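Take a look at the structure set out below.
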Amino acid sequence: MNESNFLPRWVSIGLIPFINLLLAFFVSGIVIFFIGENPLQAILVMIKGAFYYPGSIGYTLYYTTNFIFAGLAVALAFHAKLFNIGGEGQAYVGGLGVGLVCLALDQSINSFLVTILAVCGSAIFGAFWGVIPGYLQAKRGSHIVITTIMFNFIAASLMVYLLVNVIIEPGQMSPETRDFSEGVGLVQIHKLANYFGISIAVSPFNISFFIALIVSFGFWILVWRTKFGYEVRSLGHSETAAKYAGIDVSRTIVLVMAISGGLAGLVAINELLGVHNKLLLGFTAGYGFTGIAVALMGRNHPIGIFLSSLLFGALYQGGTELDFEFSSITREMVLLIQGLIILFSGALAYMMNPFVEKIYYNYFKEPKNA
Amino acid sequence: MLEMFQICISLLDSTIRIATPLIFCAMAGIFSERSGIIDIGLEGKMLLSAFVAASVTFLTGSPWIGLFSAVVASGFASVIHGFACITNKGDQVISGLAINILASGLTITVGIALFSRGGQTPSLGSDQRFMPIDFPFQSLINNIPLFGDLYSDVISGHNILVYLSLLAVFVTYYMVFKTSFGLRLRAVGEKPEAVDTAGISVIRMRYQAVIIAGMLCGLAGAYLSIAHGAGFGREMSAGKGYIALAAMIFGKWNPIPTLFACLLFGFLEALGNRLQGVELYIIGEVPVQFMQALPYILTVILLAGFIGKARAPGAIGVPYSKEG
Amino acid sequence: MTTIEINEGNDTSVSLPSFSGSSIELKKITKRFGHVIANEEVSLKVEAGTIHGIVGENGAGKSTLMNILFGLYKPDGGSIYLDGNIVDVTSPEKSISLGIGMVHQHFMLVPTFTVLENVMLGNEGSFSLKKGEKTILQRLQKLSSTYGLNVDFHSLILDLPVGMQQRVEILKALNRGAKILILDEPTGVLTPQETIGLFEILNSLKNKGVTIILITHKLKEIMNITEAVSVMRGGKVVANLKTNNTSPAELAEKMVGRKVLLSIEKKESKIGNKVLTVKNLNHLSKDGVDVLKNVSFSISEGEILGVAGVAGNGQSELLDILSGIEQLQRGEIEINQTRLLPGEKWDPKKVREMSIAHVPEDRQKRGLILPFYNYENSILGYQRKERYSSGFLLDKNKILNLFTETAEQFDVRPRNPNISSNKLSGGNQQKLVLAREIESQPKILLIGQPTRGVDIGAIERIYEDLLRLKDSGTAILLVSVELDEIMSLSDRIIVMNQGKIVGETMGSNATEIELGKMMSGLDRTN
């Protein structure tokens, strides 16, 4: 993309994204103002909701976990210049992987083993749902944006069908499977703390979060330290140069989409193994789409993704508090903020560049004559 | 036999009703994408305008003012899209996505603030909606066997926006292929440099195209909430914008084939609804979800080049910049 | 503007504009891109009804200047005078209305449109296309017969050869009433015959009163066809001369800023065994054009084989096949006794494993990944080599060390491994690529356009490096459109025309005239 050549790094990757974020919040504030509420008060409620009340930090980190996985998924594809809008569907199908492993094995083998297999299942199923669009892009030239959008809808239909007709708990009305057996799943932190005699507030925050951190580190190694990562980034910057360099372009695209889908699939472990303990309809709740905002804001770097995931985690958790405190603003406000962040941090990412450049050179530095 | 015919008539009738918003949106997509701007924001613009149409109609009592406001609002959303990807050369997919999410959040938030009904608008009375128009001589023609039903249920008896959507197809066709505007539109999507050096502003052409696209989406939204439906409901566009996108690709960015793709997708949905719970010979019951997914599956197959080849405009997705 | 009726054809209602020519003057034009100055206080005057040449090296600012005159770029300072009156050229629309037309180096044609549609674009005549079509078609027929610009108006651009496409560009400009025609490097893509054809057209335009500005870096063309010439260097006009009063040597000196003495000291070549043999290579491009026809040659250790020819005569495809980017379709390649036949797996990775290095023609699109840091670019293509890695991982320290060494050795400036390669000058980018490829100690080096867009200082350095590599026993295949380069470096020269090898000569006794003849495809005595 057209990152400025004339600004120092801290301005172009620190200050400008921050300004963009502020703009998004500013416009959100205007909307709140027109609705007739006080924007500052709304922010206060959200901050309290995200960090202050008992258990709220746990909730924030629980949401954060989803966004890390979804954000990394989108970011990896971005490094290869692929736009994977299919995180939502890949996470959903990843959930199918979790569900099938648990339903098939939880009666017969060790529950710890089942959990590990279920984690693998989520990644493999997610990878499968990512690899088809990847393959179609690499070998048949179908535009990955369109294909992944289509795959989101196909995934949704598929899951409804399976949950309503096939793996629904017999005798149940609501489309969900039976509970996984006791002991299967990823431990929630408050239970773990209890075990050690520490008492903390109940929240869905579970050890998926730490898996997400490990995966983030692995992501960094993969992209910036391995031969494969080098090839992915080469491809992302210039396909012709990648071909010249002997990089197998199709193979790289397919692999990237597999890993990307797998990362998105991991959203399911947080939701299903960490919280719900069963497979249910619509558990992805748009997290896959939020991953796009997270990756854009986090500039496709694990640290940036962690920080923006945290922000979105806080927004989601703080947003639920809006429902209680205000009569006229609700958690959907967060959707609006999310849209604005995608707009300002993504589509309008470079809007401020000329402006900041001008200020920077007028007040701080004389331009060089190149 | 007669029953079979009745079923067909009612299937066709609902096909047309389902296809109408798809047609508007797909024509919108053609204008935008022919100019080189990807528009995955069809969905959001339709949702936004559905909300505006219902709200304004409820507040003013006039569906015409509602319709007008919807077109303006959706056009304004297009201007934002244009500002992001034409003026600021931002990523078109990201911008479209932002509009979709923004529309979801904004409609619910403002809806709750205005009407306190959980994001819905109050339902509209029949004088506040575009009601079906009955063509003349209906009672006369009704007496003709078979054709009578066809005339009164399929040809006649729709609201004005349905007929407008068909008109939109022919106007789009004429505009894109038969006028100087269309020549420039197609050129700007294939090779913007050629347009620029011919002394035509690329930026202006593209803005015109996306604004027309926005206005067409506005008609689609208004159809949903003040013609076909009687008020706005949360997320009422329900993926129709994406189906329209698929139909546009299916129609290879050409208005007439796109019309048929919209009708096909509409028919599939109508059929899916009809077949719910019906056991068919040999196949058994066809899951309604399969019928719902079929447009998407077909589009994937088409894009993969297994049925013909869909070629997008040459410069699509690429921001135009003259200098460096 | 007066009009004259042209009495050819049946329809006399169509008329062409006539004029006594327009003069144009640029005064102190300055243009910056970001913080780079592309044109600095440029002043020049073009007399009415003449052909005026503008010469200069790549990056001297010629195209920028013309894009300003055509209204595509906004100048940061200076003014433009047309027939003595100051004009404000703010957009192509404005310049077209002032009677300025431009034929760009890369054609501005919509490939999926017909000739007619391309000509109509922006000048449709009416809202309904059908109405406008008739009158424009008639005018086109007049124009094409008047100036000898024959082309089928209903064929698609993508079906036309480049020479034809160029005619369409000229027609476009004339149709819009151009009195001043700017041509940016028009002969770069043309065969010599097509060039002759173009010059005939230009002369006939001049005789009808059109003022022509010809941008080129080929001095011969300037001497052949222009009345006056402006020389640009480093964004400035350094000389305005009458063509009759100057010589190619003087122009060359002015272009580069010092006496050009590219006489390179060559040691006696020690030519060894054959290492690369190509037999009956044939290749069909994606558009179904025969781009290579029965190409056969061989190179030996310690030899530089020059491939001369006008751009677009199959040289690029030859490089693409040998470097593994394109598959071998028909024919046979033998490398160090290993025979390669069509259908066998053949890709750049395998090519590198066979100790073939490749410096591509387009370093910015292929040879480098511009946003990458220098040290990252220093392993492009060798990223899977053991010397740079340990297991799955790249060994950053090893790469950094190696970069520091080679940057020193090949004089890549700045030496900093941690800056993006897009901040390097063209010459240093090329040195970086060359360093990387030579560092792999290849038995065979494929190199395309080694000095395109490279400053003089770096050129000498690159020549020295190539000769040293040759002396160490590497076989070098040198593809270049610069005849001087080919002649001064090669031991042997083959000439390509329309996908065929049309001549071969020893480097020591080649003359420009002889090679030129062969390049034009007229001479078939080999």
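The values are calculated or read from the model by the stated rules, or taken from the named source; none is laboratory data. Just so you know, these numbers come straight off a predicted model, no measurement behind them. Heads up, the Cβs are rebuilt from the backbone with ideal geometry, glycines too, and the neighbour counts pull from every protein chain shown. Please note that ligands, DNA and RNA were not included when accessible areas were found on the heavy atoms of the full protein model with its side chains. Shrake-Rupley method; radii C 1.70, N 1.55, O 1.52, S 1.80 Å.
What the table shows:
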| item | result |
| --- | --- |
| Search result, residues across the stretch C:163-186 that are within 22 Å of C:Gly49 (Cβ to Cβ) and not in a helix (DSSP H, G or I) | C:Arg176, C:Gly177, C:Ala178, C:Lys179, C:Ile180, C:Leu181, C:Ile182, C:Leu183, C:Asp184, C:Pro186 |
| The stretch A:182-217, residues that are assigned to a helix (DSSP H, G or I), under 25 Å from the mean Cα position of the chain (by Cα) and under 28 Å from A:Lys278 (Cα atoms) | A:Ile189, A:His190, A:Ser208, A:Phe209, A:Phe210, A:Ile211, A:Ala212, A:Leu213, A:Ile214, A:Val215, A:Ser216 |
| Residue list for the stretch C:379-401, filter: in a helix (DSSP H, G or I) and either closer than 18 Å to C:Ser355 by Cβ or open to solvent by 80 Å² or more (accessible area, probe 1.4 Å) (or both) | C:Glu386, C:Arg387, C:Tyr388, C:Asn397, C:Lys398, C:Asn401 |
| Out of C:Leu483, C:Leu467, C:Leu446, sole residue that is more than 14 Å from every other protein chain (Cβ to nearest Cβ) and under 19 Å from C:Glu361 (Cβ atoms) | C:Leu483 |
| Residue tally, condition more than 14 Å from chain A (Cβ to nearest Cβ), under 21 Å from the mean Cα position of the chain (by Cα) and not hydrophobic (A, V, I, L, M, F, W, C), over the stretch C:291-327 | 7 |
| Any hit, the stretch B:151-170, residues being in contact (Cβ under 8 Å) with a residue 40 or more places away in the chain, more than 26 Å from B:Ser74 (Cα to Cα) and within 14 Å of chain C (Cβ to nearest Cβ) | no |
| Members of the stretch B:176-210 found to be open to solvent by 20 Å² or more (accessible area, probe 1.4 Å) and at the interface with another protein chain (Cβ under 10 Å from one of its Cβ atoms), listed by number | B:Phe177, B:Lys178, B:Phe181, B:Arg184, B:Arg186, B:Glu190, B:Lys191, B:Glu193, B:Ser201 |
| Scan of the stretch A:128-187 for residues that are β-branched (Val, Ile, Thr), more than 9 Å from chain B (Cβ to nearest Cβ) and within 29 Å of B:Arg311 (Cβ to Cβ), ordered by number | A:Val131, A:Ile144, A:Thr148 |
| Among the candidates A:Asn277, A:Asn270, residue that is farther than 19 Å from A:Leu158 by Cβ and crowded, with 20+ Cβ neighbours inside 10 Å | A:Asn270 |
| Subset of the stretch C:184-228 [open to solvent by less than 10 Å² (accessible area, probe 1.4 Å) and polar (S, T, N, Q)] | C:Thr187, C:Thr211, C:Thr216 |
| Filter pass, A:Leu340 being within 9 Å of chain B (Cβ to nearest Cβ), more than 22 Å from A:Gly126 (Cβ to Cβ), open to solvent by 20 Å² or more (accessible area, probe 1.4 Å) and in a helix (DSSP H, G or I) | no |
| Matching entry among A:Ala258, A:Ala264, A:Ala285 (being within 30 Å of A:Met46 (Cβ to Cβ), modelled with pLDDT of 95 or more and more than 10 Å from every other protein chain (Cβ to nearest Cβ)) | A:Ala264 |
| Close pairs (6 angstrom Cβ cut-off, 6 or more residues apart or separate chains): part of a helix (DSSP H, G or I) in the stretch A:107-133, charged (D, E, K, R) anywhere | A:Val114/A:Asp106 |
| Residue selected from the stretch B:99-150 under the condition among the aromatic types (Phe, Trp, Tyr) and assigned to a helix (DSSP H, G or I), by the criterion least open to solvent (accessible area, probe 1.4 Å) | B:Phe115 |
| Failed item, numbered, when C:His106 is tested on (1) crowded, with 16+ Cβ neighbours inside 10 Å; (2) under 28 Å from C:Leu156 (Cβ atoms); (3) not β-branched (Val, Ile, Thr) | (1) |
| Strands (runs of 3 or more DSSP E) wholly inside the stretch C:274-373 containing at least 3 residues that are open to solvent by 40 Å² or more (accessible area, probe 1.4 Å) and either touching a residue at least 24 places away in the same chain (Cβ under 8 Å) or in the same structural domain as C:Lys470 (by TED's automatic domain parsing) (or both) | C:274-284, C:290-300 |
| Residue within the stretch C:27-41 that is open to solvent by less than 50 Å² (accessible area, probe 1.4 Å), outside the structural domain of C:Ser144 (by TED's automatic domain parsing), farther than 22 Å from B:Asp196 by Cβ and at pLDDT 90 or above present | yes |
| Sole residue being hydrophobic (A, V, I, L, M, F, W, C), closer than 26 Å to A:Ala118 by Cβ and part of a loop (DSSP other than H, G, I, E, B), chosen from A:Phe283, A:Phe289, A:Phe312, A:Phe306 | A:Phe283 |
| Selection within the stretch C:79-93 - surrounded by fewer than 22 Cβ atoms within 10 Å (Cβ to Cβ) and touching an Asp or Glu at 6+ places or on another chain (Cβ under 7 Å) | C:Tyr81 |
| Looking only at the stretch B:84-98, and only at residues there that are in contact (Cβ under 8 Å) with a residue 60 or more places away in the chain and within 21 Å of the chain's Cα centre (by Cα), the one that is surrounded by the most Cβ atoms within 10 Å (Cβ to Cβ) | B:Gln92 |
| Single residue of the stretch A:159-178 satisfying the filter (under 30 Å from A:Ile57 (Cα atoms) and under 26 Å from the mean Cα position of the chain (by Cα)) that is most open to solvent (accessible area, probe 1.4 Å) | A:Glu176 |
| Subset of the stretch C:145-162 (residues that are in a helix (DSSP H, G or I) and either open to solvent by less than 10 Å² (accessible area, probe 1.4 Å) or more than 18 Å from C:Glu200 (Cα to Cα) (or both)) | C:Ile157, C:Leu158, C:Asp159 |
| Any hit, the stretch C:367-388, residues being touching a Lys or Arg at 6+ places or on another chain (Cβ under 6 Å), facing chain A (nearest Cβ under 10 Å), of a type outside the set (A, V, I, L, M) and within 21 Å of C:Leu281 (Cα to Cα) | no |
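One line per residue, one yes/no per condition, for (1) free of Cβ contacts under 8 Å to residues at least 12 places away in the same chain; (2) hydroxyl-bearing (Ser, Thr, Tyr); (3) over 22 Å from B:Ala227 (Cβ atoms); (4) open to solvent by 10 Å² or more (accessible area, probe 1.4 Å):
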residue: B:Val56; (1), (2), (3), (4): no, no, no, yes
residue: B:Leu59; (1), (2), (3), (4): yes, no, no, yes
residue: B:Ser74; (1), (2), (3), (4): no, yes, no, no
residue: B:Val79; (1), (2), (3), (4): no, no, yes, yes
